[in-house]
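The values are calculated or read from the model by the stated rules, or taken from the named source; none is laboratory data. The shown structure was predicted, so the numbers you read here are calculated from the model rather than taken from an experiment. In this analysis, Cβ positions are derived from the backbone assuming ideal geometry, glycine residues included, and neighbour counts consider all displayed protein chains. Heavy atoms of the whole protein, side chains included, go into the accessibility calculation; ligands, DNA and RNA do not. Shrake-Rupley method; radii C 1.70, N 1.55, O 1.52, S 1.80 Å.
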Amino acid sequence: MSDSAAPRTPDTAGRRPPRRDREQHVPRSAAVLVLARPVLVTAGLVTAYYLLPLDGRASATTVILLGLGLVGVALFFAWEVWAIARSPYPRLKAVEALAITLPLFLLLFAGAYYLLDHSDPSSFTEPLTRTDALYFALTTFTTVGYGDITARSQTGRVLAMLQMTGGLLLVGVAARVLTGAIQAGLRQQHRDRPPG
């Protein structure tokens, strides 16, 4: 009978011993850092979004920058998956990775919507401020539906469809990839733990 199949018995305090495949106790400082880092990064990203000079006209350069931004998000996510698999706390690292990747993705599209609106004011049903563009990006991501702001132009609709597709990939594929990275990290912890 393998060790994992053996029945677990209560320890001296009446509690069951912890399962071996569970993550080690997470120090409070690590948990605080995992919560603080995404908040600080998101605050920095939102501040940059509102302060960057995005008042130029959308052009081929804008499309190239959006493409490069999406590649950057994908590379950042790939780096985070690698870090999760090697982290002593893979579950916490996965939460942190998603909490940073999601705002980065949304702000990238909000900037693209804002630039599109300034380039072609008929692209949306009303002029977009930066906040309106962020609202539209979040509405598109959460699929709650449109009521007040909708894309009118073909370019605006294609951009919204790209965001919807990217959002589905981010939620579906990213969740699966993060789960795999967490499992790899937990297996690594189990291998690194001394027997006993």
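Details
- Within the range 155-178, residues that are open to solvent by 90 Å² or more (accessible area, probe 1.4 Å) reach partners that are of a type in the set (A, V, I, L, M) with beta carbons closer than 8 Å, at six or more positions or on different chains, in the pairs Arg157/Ala151.
- Looking only at the range 57-88, and only at residues there that are touching a Ser or Thr at 6+ places or on another chain (Cβ under 8 Å) and not in a helix (DSSP H, G or I), the one that is most open to solvent (accessible area, probe 1.4 Å): Arg57
- Check on Leu92, open to solvent by 30 Å² or more (accessible area, probe 1.4 Å), of a type in the set (A, V, I, L, M, F, W, C) and within 21 Å of Leu35 (Cβ to Cβ): yes
- Verdict on Arg176 being out of contact with any Phe, Trp or Tyr (no Cβ under 8 Å at 6 or more places or on another chain), under 19 Å from Pro90 (Cα atoms) and of a type in the set (D, E, K, R): yes
- Selection status of Ile182, outside any helix (DSSP H, G or I), surrounded by 12 or more Cβ atoms within 10 Å (Cβ to Cβ) and among the β-branched types (Val, Ile, Thr): no
- Hits in the range 105-126 - residues which are of a type in the set (Phe, Trp, Tyr) and either open to solvent by 40 Å² or more (accessible area, probe 1.4 Å) or closer than 18 Å to Thr61 by Cα (or both): Phe109, Tyr113, Tyr114
- Considering residues of the range 127-146 that are in contact with a Ser or Thr (Cβ under 9 Å, 6 or more places away or on another chain) and open to solvent by less than 70 Å² (accessible area, probe 1.4 Å) only, the residue nearest to Leu162 (Cα to Cα): Phe136
- Selection status of Leu102, within 21 Å of Ala43 (Cβ to Cβ), among the hydrophobic types (A, V, I, L, M, F, W, C) and buried (at least 17 other Cβ atoms within 10 Å of the Cβ): yes
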